[in-house]
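See structure below.
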Amino acid sequence: MNISIFGLGYVGAVSLACLARDGHRVVGVDIDQSKLDQIAAGRTPVVEEGMVDLMAQVIATGRVSVTRDTREAVLGTDLSLICVGTPSAPNGSQDQSAMVRLTQELGAALREKPAPHLVVFRSTLVPGTVEDVLRPILERESGKQEGVDFHVCFQPEFLREGSSIRDYDKPPFTIVGANAEAPVTTLKALFGHLQCAFHATSIRAAEMLKYSCNNFHALKITFANETARLCEALGVDPFEVMDLVCKDTQLNISKAYLKPGFSFGGSCLPKDLRATAYLAKTHDVELPMLGSILQSNRVHTDRAIEKVLASGKRQIGMIGLAFKTGTDDLRESPLVLLAEQLIGKGLQLRVYDPDVHLSNLLGANKRFIEQHLPHIGALLRRDLESVVAESELLVLGLGDSGTLEKLRTLIRDDQMVLDLARVGDPGRLRGTYEGLCW
Ligand SMILES: NC(=O)c1ccc[n+]([C@@H]2O[C@H](COP(=O)([O-])OP(=O)(O)OC[C@H]3O[C@@H](n4cnc5c(N)ncnc54)[C@H](O)[C@@H]3O)[C@@H](O)[C@H]2O)c1
């Protein structure tokens with residue numbers, strides 16, 4: 001293919017070298033003349049393992065050229081990979097000025113191009129940027145329509161500096177965010193041979209995914225480092241602890257606990273986080289991330305309270321009360337805290353949980369519910385039917401399949417469902433109030 005690459009920093013220069021190595025003709029574009037001169041002379045503009053040899057090798061093939069001229073690059077190629085920098089502005093927002101300027105030039109060049117063109121944004125961009133900011137610029141400047149005369153798509157880059165050629169050849173996956181089949185087909189032809197899965201999604205999801213991946217990486221590093229600081233204060237070997245943490249591929253290094261849902265609760269996580277924070281305090285160790293988890297969890301519960309209140313409904317049916325489906329453990333259940341708050345706001349509440357029977361509650365479990373919902377006996381129903389029949393809004397907090405099946409036959413069209421546990425299939429739950437879905 002004939003490919004133009006805009007922005008020859010770490011991402012653009014490595015892509016240029018690897019695509020030329022794989023047999024494509026590549027035009028490199030940058031506003032920095034010294035980078036263009038270096039590449040033209042077969043030298044790498046970035047310090048990266050393997051780039052000295054690879055750059056010399058691909059320049060010798062004659063498949064690489066460089067220019068400062070956006071128009072020439074667009075007219076002479078079938079697709080453009082956009083890899084310019086998107087650094088932080090002083091207020092923390094993303095500085096998109098280089099991207100916006102370049103997009104204006106790309107649009108002007110497209111005006112003059114009779115053949116179709118594909119613009120692939122590869123720089124990290126805050127969700128919504130391609131569809132709300134860049135595509136309108138391209139359409140305005142070109143006088144053409146995206147999806148008809150040209151296509152745009154977003155393909156996040158996952159290479160890491162220091163190992164970028166290896167990461168180029170073996171990324172975790174290839175993700176293409178697009179609104180049409182054509183860009184997906186083109187990028188499959190270009191990157192489909194890589195040893196990884198290829199996923200097509202929406203442009204916004206692809207933009208968000210890049211942030212989620214980077215945030216998750218930062219979270220993991222911080223978790224390991226906070227754990228190490230506490231270990232050090234306690235005289236425990238942090239390497240041994242983290243090594244053992246990683247050996248659990250069932251609950252730790254796995255999909256477990258990574259599905260969005262309602263706040264966590266129960267008899268272990270909240271109390272153990274509190275004990276960790278206290279332990280750190282008594283050893284003068286700061287753990288800002290671990291120390292703020294309960295606060296974030298509380299924000300999630302508060303959001304549910306706000307959503308119930310925003311519905312304007314006063315007759316509320318809660319389906320689920322225990323902290324987890326399939327147990328009757330009410331200790332620190334966020335659903336109990338939610339019920340407590342809703343009662344405090346004067347809403348009429350009725351509760352159904354197939355596993356919670358007042359007569360069976362014992363010990364700390366009983367004490368917790370008596371403290372938070374002293375009139376639990378008047379709220380708790382033994383049948384789902386009466387809870388559904390008497391409620392305007394159903395708050396769904398459990399994932400028991402039997403209850404869900406029954407619920408689908410009982411629910412009325414005029415009823416709303418707040419699917420807190422993300423258990424329902426909104427399409428199949430008649431009456432689901434989309435605005436209240438998480
Ligand atoms: N560096 C990484 O490891 C990495 C990994 C994944 C994603 N990303 C993302 O990729 C993007 C690029 O990152 P980078 O580290 O390669 O950036 P960089 O700062 O190293 O390079 C950006 C290049 O764009 C050029 N440029 C600016 N305006 C231009 C224009 N109008 N026309 C042509 N070129 C122009 C600059 O001169 C510079 O050479 C960023 O959005 C970044 O967040 C970076």
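The values are calculated or read from the model by the stated rules, or taken from the named source; none is laboratory data. Computed from a predicted structure; not experimentally measured. Here the Cβ is made from the backbone with ideal geometry for all residues, glycine too, and neighbour counts use every protein chain on show. We work out accessible area using only protein heavy atoms, side chains counted, and drop any ligands, DNA or RNA first. Shrake-Rupley method; radii C 1.70, N 1.55, O 1.52, S 1.80 Å.
Conditions tested, residue by residue: (1) open to solvent by 30 Å² or more (accessible area, probe 1.4 Å); (2) closer than 22 Å to residue 3 by Cβ; (3) assigned to a loop (DSSP other than H, G, I, E, B); (4) away from the ligand (no atom under 12 Å from the Cβ).
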{"site": "98", "(1), (2), (3), (4)": "yes, yes, no, no"}
{"site": "101", "(1), (2), (3), (4)": "yes, yes, no, no"}
{"site": "119", "(1), (2), (3), (4)": "no, yes, no, yes"}
{"site": "131", "(1), (2), (3), (4)": "yes, no, no, yes"}
{"site": "136", "(1), (2), (3), (4)": "yes, no, no, yes"}
{"site": "144", "(1), (2), (3), (4)": "yes, yes, yes, yes"}
{"site": "152", "(1), (2), (3), (4)": "no, yes, no, yes"}
{"site": "159", "(1), (2), (3), (4)": "no, yes, yes, no"}
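If you go through region 180-196 and keep only what is open to solvent by less than 50 Å² (accessible area, probe 1.4 Å) and either free of Cβ contacts under 8 Å to residues at least 60 places away in the same chain or of a type in the set (S, T, N, Q) (or both), you end up with 180, 184, 186, 191, 192, 194, 196.
Filter region 163-179 for residues that are open to solvent by 40 Å² or more (accessible area, probe 1.4 Å) and assigned to a loop (DSSP other than H, G, I, E, B); which is farthest from the ligand (Cβ to nearest atom)? If you could, list the steps in order and put the result at the bottom.
Start the filter on region 163-179 by keeping residues that are open to solvent by 40 Å² or more (accessible area, probe 1.4 Å), which leaves 166, 169-170, 172-173, 179.
Still in the list and also assigned to a loop (DSSP other than H, G, I, E, B): 170, 172, 179.
Details: 170: 15, 172: 12, 179: 21 Å.
My answer is 179.
Residue-level check: of (1) open to solvent by less than 30 Å² (accessible area, probe 1.4 Å); (2) near the ligand (Cβ under 8 Å from one of its atoms); (3) farther than 15 Å from residue 73 by Cβ, residue 55 misses just (2).
Which residue, of 334, 354, is in contact with a Gly (Cβ under 9 Å, 6 or more places away or on another chain) and under 22 Å from residue 402 (Cβ atoms)? If you could, list the steps in order and put the result at the bottom.
Details: 334 fails: under 22 Å from residue 402 (Cβ atoms).
Testing whether each residue is in contact with a Gly (Cβ under 9 Å, 6 or more places away or on another chain) and under 22 Å from residue 402 (Cβ atoms) leaves just 354.
Here residue 112 passes the criteria (1) away from the ligand (no atom under 12 Å from the Cβ); (2) surrounded by 16 or more Cβ atoms within 10 Å (Cβ to Cβ); (3) acidic (Asp, Glu) except the one numbered (2). Listed by first and then second residue, the pairs linking a residue in region 23-36 that is open to solvent by 50 Å² or more (accessible area, probe 1.4 Å) to a residue that is of a type in the set (D, E, K, R), with Cβ atoms under 8 Å apart and 6 or more places separating them unless they lie on different chains, are 25/63; 31/68; 33/68. Of 104, 195, 94, all but one fail to be at pLDDT below 95 and of a type outside the set (Lys, Arg); the exception is 195.
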